[in-house]
Every structure is written in structure tokens, then in C-alpha cells.
Protein chains: 2
Amino acid sequence: MSTALFTDRYELTMLDAALRDGTAARRCVFEVFTRRLSGARRFGVVAGTGRLLSLIRDFRFDEDELRFLRDNRVVDAATVAFLEDYRFTGSVSGYREGELYFPGSPLLTIEGSFAEAVVLETLALSVLNYDSAVATAASRMSIAAGDRPLAEMGSRRAGEHSAVAAARAAFIAGFDATSNLEAGRTWGIPTMGTAAHAFTLLHDSEEDAFRSQIEALGVGTTLLVDTYDIRTGVETAIRVAGTGLGGVRLDSGDLPIVAAEVRTQLDELGAAGTKITVTSDLDEYAIATLAAAPVDSYGVGTSLVTGSGTPTAGMVYKLVARQEGSGSWVSVAKASTDKASKGGRKAAFRTLDAGTATQELISVSDGFEQMPATSEYPDSRPLQATFVSRGDIDTSFEGADGVAAARAHHARVREELPVRALALSRADPAIPTVYVEIA
Amino acid sequence: MSTALFTDRYELTMLDAALRDGTAARRCVFEVFTRRLSGARRFGVVAGTGRLLSLIRDFRFDEDELRFLRDNRVVDAATVAFLEDYRFTGSVSGYREGELYFPGSPLLTIEGSFAEAVVLETLALSVLNYDSAVATAASRMSIAAGDRPLAEMGSRRAGEHSAVAAARAAFIAGFDATSNLEAGRTWGIPTMGTAAHAFTLLHDSEEDAFRSQIEALGVGTTLLVDTYDIRTGVETAIRVAGTGLGGVRLDSGDLPIVAAEVRTQLDELGAAGTKITVTSDLDEYAIATLAAAPVDSYGVGTSLVTGSGTPTAGMVYKLVARQEGSGSWVSVAKASTDKASKGGRKAAFRTLDAGTATQELISVSDGFEQMPATSEYPDSRPLQATFVSRGDIDTSFEGADGVAAARAHHARVREELPVRALALSRADPAIPTVYVEIA
């Protein structure tokens with residue numbers, strides 16, 4: 001399927017005008033960044049890049065797309081002819097998936113002609129803004145959960161495709177499994193799930209339902225015990241399954257209190273090994289509140305897939321440099337005070353002090369040639385990787401392998417955060433963004 | 001493309017167990033409803049139903065889907081065989097798209113065997129929860145905007161597929177156009193858009209950019225005047241385009257003040273007919289604030305596609321009635337105090353007093369036969385339509401025609417709301433939900 005119409009109309013009208021006036025061929029550098037960390041978070045987590053690369057591959061204007069543009073007079077015949085042959089031949093570099101980011105971090109740098117780069121704006125932002133919002137929330141939940149496993153269960157509270165992206169982003173940022181089968185198929189994420197209240201209500205009794213589930217899934221399964229009375233539910237569960245029951249799930253009630261009661265009851269029944277999983281309207285704060293409760297794992301839904309109060313990361317896609325007629329480069333930026341951006345091409349490094357991040361160091365230059373080598377900043381880690389080189393997409397960032405690598409990367413770089421970054425309260429970014437201008 | 005894996009794993013494990021124990025064939029009634037109006041809104045707006053119907057048609061398990069389920073041992077061989085032939089043969093009725101809803105409104109009623117109905121839970125909720133959240137926010141914005149046109153421009157702040165759904169939901173709830181080209185192609189929604197700041201920055205001067213845009217799009221176009229200095233931008237715009245310029249767009253600054261200044265400047269330049277459109281971080285409250293400002297139209301992005309603080313509608317999919325072995329029907333419901341639901345099959349009516357809504361009247365029965373006829377409630381409007389009858393989907397609710405009908409329906413039923421429902425502040429639902437038990 002072509003992804004070419006996941007695009008705001010103005011990108012094509014700009015292209016149309018630029019093809020007419022000759023500026024469409026100017027070499028440009030576009031940058032994806034965010035002016036601030038939405039929700040006063042202490043760090044953000046990049047996600048979506050691997051997905052985006054595959055979508056860029058499918059960004060082609062086939063007959064169906066061209067017919068729509070022609071029939072609706074979105075662009076003229078010359079632009080239709082240009083789009084017919086469209087293929088992104090530029091370069092894309094940026095932060096790896098799972099990487100942390102801060103205000104101004106150059107998350108993605110897109111280089112190419114104006115024509116080929118301007119049309120990717122909406123697609124790039126749609127993917128990165130949603131996926132990163134979920135990954136950022138997921139990482140905070142993962143910090144709050146500590147060593148307890150986290151399952152993503154929010155598919156029903158996000159659009160059907162976004163649900164799959166959310167499962168993927170959550171896994172990258174520290175979740176262990178998802179309920180979403182498509183995420184399992186497409187991205188290789190472990191899937192989980194046993195039964196809903198409907199299964200108990202379908203049967204003539206709770207006991208019938210439990211017996212049936214154990215018959216099908218074995219005693220290692222997790223029984224949902226709160227359809228009727230929780231105490232009776234737990235008692236029935238152990239009577240039917242025996243003390244080897246894998247787990248019970250609580251989906252309602254005042255969880256710290258209920259979990260403690262259920263733990264005591266399970267222990268008294270001799271089911272000391274039966275685990276307790278809780279799944280009712282959790283977010284990072286609720287998870288933190290449950291840290292001292294006898295809970296073994298969490299399932300998180302609504303709050304995760306809606307970014308826990310911050311459903312979009314607020315990233316923008318801005319032209320930051322372009323070539324002039326003379327061939328020299330010029331930095332460009334919008335001047336308005338409330339939405340100012342920083343022109344110039346950027347190289348980004350995370351400065352480390354004994355392994356702990358201290359600065360987001362961004363060197364800015366007008367052109368391409370003067371970018372600093374990593375060796376200039378010995379106590380820092382370069383943050384950008386090359387994803388697309390002259391139109392060639394590095395496939396190692398795509399698919400299930402890309403997801404696994406991103407998850408490992410996130411776990412690694414989160415270790416660099418100063419301790420204050422792990423608190424959940426609203427605050428300034430954990431480290432300052434520092435710009436260095438390259439003459 | 002099959003939509004069958006947009007599904008939580010537990011639906012298939014429940015199916016697996018129910019096929020083994022014989023309960024899978026029990027006739028069931030599932031219901032989609034919401035316990036409360038998220039965000040303390042006064043009404044909700046249903047959207048997504050037409051989209052959902054098409055997705056149900058594509059809910060088939062082909063070889064790829066079955067292989068995933070087999071390879072990952074999600075279900076056993078007998079269940080794989082059942083899914084191979086899966087096709088929804090039940091019935092679906094519910095609220096038309098664009099209809100208003102209140103706590104407890106039976107938004108969708110799904111009747112069929114447990115096996116065929118239980119697997120649609122995630123898909124139905126994903127679609128309805130996201131689309132209705134956007135439609136509800138859109139309707140409030142449309143009320144705040146009055147007669148001024150509204151354009152949806154939020155694609156970049158939602159997942160790439162959700163962006164299309166958002167444009168569709170916004171159009172149903174009163175928006176007039178979208179920037180999203182895919183929404184134009186798939187749903188027949190008018191598309192709009194002219195240029196971004198990048199277009200100005202690409203050129204050697206703002207004047208060059210304006211000249212190029214007018215060359216391509218004509219003087220009726222809208223010029224973005226806030227890349228550098230707004231006053232200079234407006235002056236340049238009129239100098240280049242003449243006083244017949246279609247419009248100017250403001251995307252930053254303190255909009256009520258800036259809009260007034262720009263209006264004065266345009267009038268002084270003789271461009272009294274040039275319109276002002278504003279697009280910077282608007283929501284329903286900002287739109288209301290601009291009611292007295294000389295603004296001609298609004299473009300809304302982030303806030304719209306994220307439901308203006310309520311990114312999901314919070315709908316649930318619950319088993320409310322099932323047939324017993326004897327053939328008689330029994331109402332079922334979860335008993336937990338904080339997530340109780342109301343069992344039984346429901347018929348819904350909006351009671352009207354001189355054309356103004358006074359109650360959401362819901363009659364509840366255990367079975368199918370005793371549902372009240374419309375004639376029993378003469379001063380009311382029946383709220384449910386039949387979407388799927390024994391597996392046959394009514395295509396009139398699908399596609400661009402379905403969207404157009406939904407938009408007209410919303411405009412019509414919104415007229416029934418009492419005046420207090422139009423205020424934007426947090427409050428109780430505009431009308432109470434009243435249940436009538438049918439013996």
C-alpha cells in the first residue's frame with residue numbers, strides 16, 4: 001500500500017509552486033525536533049523511526065494516488081509527472097529508536113532536494129510524534145515498575161493501527177509483552193492474555209468458567225477473579241486449579257488493599273506461588289503507589305496508549321538549512337518569538353561524566369563539511385546514526401530486529417540518566433541542552 | 001488486508017476454551033457503552049461506525065494469520081479450523097454516526113454466537129473509542145466557532161492511520177475541510193492547504209515566496225505571513241498579490257491581538273476582503289476566546305486529534321445477555337462496584353419536549369422478543385439503526401456516502417440539545433439517562 005497520501009495538502013502545493021519557480025531542486029536540510037518536553041517530563045524516548053523507514057520505502061505515487069491529485073486539482077500536470085517518478089534519494093540520519101531526547105535534540109535530519117524532502121513532513125511527524133509519546137510514557141512506567149513485568153493492553157483505547165504502534169513503542173521502552181496479536185506478528189513482540197469477564201459471564205457459574213479455562217490453558221494460566229465477589233473468586237480458583245495455579249488477575253477495586261487481601265488469602269490457601277497481576281486503569285503514578293503491594297506484574301492500557309496525559313510528543317519538521325544559487329549553504333529559521341527554531345545543520349552528543357549524562361551537546365553549522373568528529377568530544381557519545389544514505393535504507397533498523405535492537409539500546413542508555421531523572425513529578429529536563437556554534 | 005489480528009490475544013484464548021467446552025455456540029448479546037462521559041463533557045458524539053463495518057467485512061483469518069496463531073500456539077488446531085471459516089453471521093445495531101450519546105447509551109449491540117461476537121471486541125473499541133473522542137472534541141469546537149469555517153490540520157500529531165480517522169470524525173462533527181489527502185481520497189472530505197514556513201525559508205526572500213505561491217495558486221490563495229515580521233509580511237503580501245488576496249494565515253503570537261492588528265492593517269491597505277485564518281494551538285476554549293476577534297476561519301490540529309484532553313472515549317464491550325441451555329435468555333453483568341454494568345438487551349430513545357431533548361430513555365429486557373415499539377414512546381426518537389443483519393452489512397453506512405449522511409445527522413440532532421449543553425465548561429451530562437425495565 002502506498003503511504004504517499006498520509007500527507008498534508010500544503011506539502012504538494014508547495015512542491016507545485018517550487019517546481020514552477022525552480023527552487024524545488026535546491027538542496028535542503030530538514031530537521032525533526034521538539035521545542036520542549038511535553039508534560040514537563042524529564043526526558044523523552046524516541047520511537048517510530050524503524051516504522052518510518054519502511055513507510056518511506058512505500059512513499060510512491062501510483063496511478064490511484066495520481067488520479068486523486070489530478071481529479072481534485074491539487075497539483076498541476078508537471079507536478080503529477082514529477083510525483084509519478086518520485087522516490088526519496090536523499091539521506092536521513094538521527095537518533096536511534098530507544099534513545100533519550102531533550103529539547104532541541106536533532107531527532108531526525110533529512111537531506112535532499114526541497115522537492116523530495118518537503119513531502120515527508122506529515123508522515124515523519126505522524127509516526128514519531130505518536131510512537132515517541134507512547135514510548136516516553138512507557139519508559140516512566142517501566143521505571144516505576146522496577147523488576148516487575150509490564151504488559152501492554154491498551155489496543156482498545158487507540159485507533160486500530162495506532163494500537164499496534166503503541167505496543168511496539170511500549171516494548172522498546174521496557175514493556176515485556178502485549179495483548180495485541182498484530183504487534184506479535186509484525187514486530188515479534190511476545191503476546192499474552194487469557195480471559196475477560198465475558199468468559200465468566202458466558203458460563204453458568206464462575207467455577208464452570210475457571211474449569212474450562214484450565215482445561216484449555218493449563219493450571220499455569222491466570223484466572224480473572226473479580227467478576228462477582230473477589231474472595232469467593234479466589235477461593236473457587238484455587239479449589240478448581242489447585243495450589244499450582246499460575247496467577248490471578250484483579251481488574252477493579254482499590255488495588256493496594258485488594259492485592260494485599262488476595263495475597264493473604266492465597267497464602268492461607270497454600271497457593272504461595274500463585275502470582276497476582278493487576279490491570280485496572282494503571283499509569284506510572286498508580287504503579288508507583290503499588291510498589292509496596294504484593295503485586296507480581298502489571299497490565300497497562302488506556303494511560304499507556306494515550307501517552308499518560310501527553311498523547312503526542314509535539315515534534316516539528318523544520319527547514320534549517322538550504323543551498324543558495326551559489327552553492328554555499330545558509331542556515332534558516334522562523335523568527336517568531338513564540339515558535340522560534342534554531343537554524344543550521346546539527347551534530348549531537350551526550351556528554352558523560354563517569355557514565356552519567358550531563359549535557360545534550362549540539363554543535364551547529366551552516367553547511368555539511370564542518371561537522372565535528374566524535375573525537376572532538378572524548379567524554380561524550382555521538383547520538384546520530386545514518387538510516388538512509390542516498391536513498392538506500394539501512395534495513396537493520398527495520399522489522400522485528402530493529403525493534404529488538406531499539407529495546408536493548410533504550411535499556412542501555414537509560415542507565416546513563418542521573419538519578420533525579422527517574423522521579424515522576426513534573427520538572428525541567430534532566431540535563432541541559434547546550435549549543436556550540438561551529439564557525 | 002485482513003483486520004483479524006487487530007485483536008487482543010485473550011479473545012482467541014476464550015474462544016479456544018469455549019469451543020472445547022461447548023459454550024462457544026451460545027447466543028450472546030454484547031454491548032458497547034460508556035459508563036461516564038470522559039472529561040466531564042455534556043454529551044458525546046458517536047463516530048467510527050461506518051469505518052468499523054468495513055473492517056468487520058475484512059475480519060477474516062487467511063493463511064498468514066492462521067500461521068501466526070499456529071506457530072505461536074495461541075490456539076489449538078480445532079480453533080484454527082474454526083477461524084479458517086470465520087465470517088461474522090450475526091447482527092449489529094446501534095447509534096448512527098454523528099448521533100449524540102450519554103452514559104449508558106447502548107452505542108452498539110452485537111448479537112451472535114459467543115464465538116463470532118467475542119472476537120470483535122478490540123476492533124470495535126479501537127475504532128469507536130478513538131473516532132468518538134475526536135468527534136466529541138470536534139463538535140465542541142464547531143459550537144465554539146459558530147458560523148466560521150473550521151479546518152482539521154492535526155495529521156502530524158496522530159498516528160498516520162489515526163490521522164485519517166480523525167479527519168473523518170471531525171468532518172462528521174462539523175468541521176468543513178481537512179489537510180489530510182488520504183481522508184480526501186478515502187472519505188470524500190474537502191482538502192485544503194497552501195504553504196508552510198519552509199516555503200518562505202526556501203526562497204531568497206518572503207516576497208519571492210509569496211510571488212511564487214500566487215503564480216501557482218492564484219491571488220485567491222492564503223499567504224502565511226508570520227515567518228519573519230508579521231506587519232512586514234502583510235505589507236508584502238498585499239503589495240505582491242494586490243488587494244484581491246484571498247487570505248492571510250497567522251500561526252503564532254497572541255492571536256486576538258495579532259488578528260486585530262492585521263485586520264486593521266489589511267483594511268488600511270484596501271484589502272477589506274482579504275480573510276484572516278488562524279492556526280496556532282487552538283482548542284475549543286481558544287476558539288471561544290477568539291469569537292470577538294476579526295478572524296474568518298480556524299485551523300485546528302493537535303488538540304482535535306488528541307480529543308482535547310480526552311484522547312479516548314472510554315467505551316467498553318460487555319456481554320449483557322446470553323441464551324441458556326434451555327433456550328431462554330438471561331441478563332448478565334459484572335458485579336464489581338466500581339465497574340458495574342447493566343445487563344440485558346436495550347432499546348434506546350431520546351425523549352423530546354417541543355423538539356428539545358429531555359432524557360436518554362433506555363428500556364432493558366432479558367430477551368429479544370419483548371422490545372418496545374417506537375409507538376410506545378410517542379414524544380421520542382428511536383436511536384438505534386440496524387447496521388448488520390445476519391451477516392449482511394448495510395453498505396449505506398459505509399464510504400463517503402456514509403460520512404456525508406453522518407455529518408448531516410449530527411447537524412440535525414445537535415439542534416435538539418438544550419442550551420445548557422452548548423457551554424464548554426465541565427459539567428454533568430446535558431440530559432439524564434433513565435432506565436425502564438421491561439418485565
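Every number in this text was worked out from the coordinates using simple rules, so none of it is lab data. Note that the coordinates shown come from a computational prediction; the quantities given were computed from them, not determined experimentally. Because the Cβ atoms are built from the backbone with ideal geometry, glycine has one as well, and the counts that use them run over all protein chains shown.
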Taking Cα atoms, the helix A:9-21 axis meets the longest principal axis of chain A at an angle in degrees (rounded to 10) of 20
Bridge orientation stat for chain B from DSSP, antiparallel percent rounded to 5, came to 65
In the stretch B:1-101, the trypsin sites (Lys or Arg not before Pro) that sit in a DSSP loop and have at most 10 other Cβ atoms within 10 Å of their own Cβ are B:ARG73
log10 I(q)/I(0) for the stretch B:194-295, Debye formula on C-alpha points only (no solvent), q = 0.14, 0.22, 0.23 Å⁻¹, two decimals, reads -0.48, -1.13, -1.22
Here, B:ALA260 and A:ARG239, labelled 7 Å along Cα→Cβ, have an inter-label distance in nm of 7.4
With label points set 7 Å from each Cα along the Cα-to-Cβ direction at B:ALA404 and A:THR289, the distance between them in nm comes to 5.0
With only helices counted (DSSP H, runs n ≥ 4, each -39500 (n - 2.57)), the per-residue ellipticity at 222 nm for chain B, to the nearest 500, works out to -11000 deg cm²/dmol
For the stretch A:92-198, shape from the Cα gyration tensor axes a ≥ b ≥ c, cut at a/c of 1.5 then a/b versus b/c, turns out prolate
extent check for the protein assembly as shown: Cα max minus min per principal axis, descending, whole Å, gives 85, 72, 46
Neighbours of A:LEU352 by Cβ distance under 12 Å: Lys/Arg at +1, Asp/Glu at -1, summed charge -3
From fewest to most C-beta neighbours within 10 Å, the residues B:PHE171, A:PHE397 line up as A:PHE397, B:PHE171
For B:ALA335, inter-copy label-point distances (7 Å, Cα→Cβ), nm, shortest first, read 7.2
at A:ALA81 the sorted inter-copy label distances (label 7 Å from Cα on Cβ side), in nanometres, are 6.1
Rounded to the nearest 5, the percent of antiparallel DSSP beta bridges in the protein assembly as shown equals 65
Among beta bridges assigned by DSSP with both residues in the stretch A:144-307, the antiparallel ones amount in percent, to the nearest 5, to 0
One point scatterer per Cα, no solvent, Debye formula: log10 I(q)/I(0) for chain A at q = 0.09, 0.14 Å⁻¹ comes out as -0.64, -1.21
Between the modelled labels at B:ARG70 and A:ASP296 (7 Å from Cα along Cα→Cβ) the distance in nm is 3.3
Relative contact order in percent for chain A (Cα pairs under 8 Å, 6+ apart) equals 23
With one decimal in nm and the nearest listed first, the spacings from B:ALA40 to its own position in the other copies, using label points 7 Å along Cα-to-Cβ, are 2.0
Excluding residues fewer than 8 positions from A:LYS342 in its own chain, the lysines with Cα under 27 Å of it are A:LYS318, A:LYS334
Per the rule of 0.36 nm per residue minus the C-alpha distance, extending B:ALA40 to B:ARG20 adds in nm 2.8 nm
The extension gain from B:TYR86 to B:GLU63, computed as 0.36 nm times the residue separation minus the Cα-Cα distance, is 7.0 nm
Of all trypsin sites (Lys or Arg not before Pro) in the stretch B:372-439, the ones in DSSP coil with at most 16 other Cβ atoms within 10 Å are B:ARG390, B:ARG426
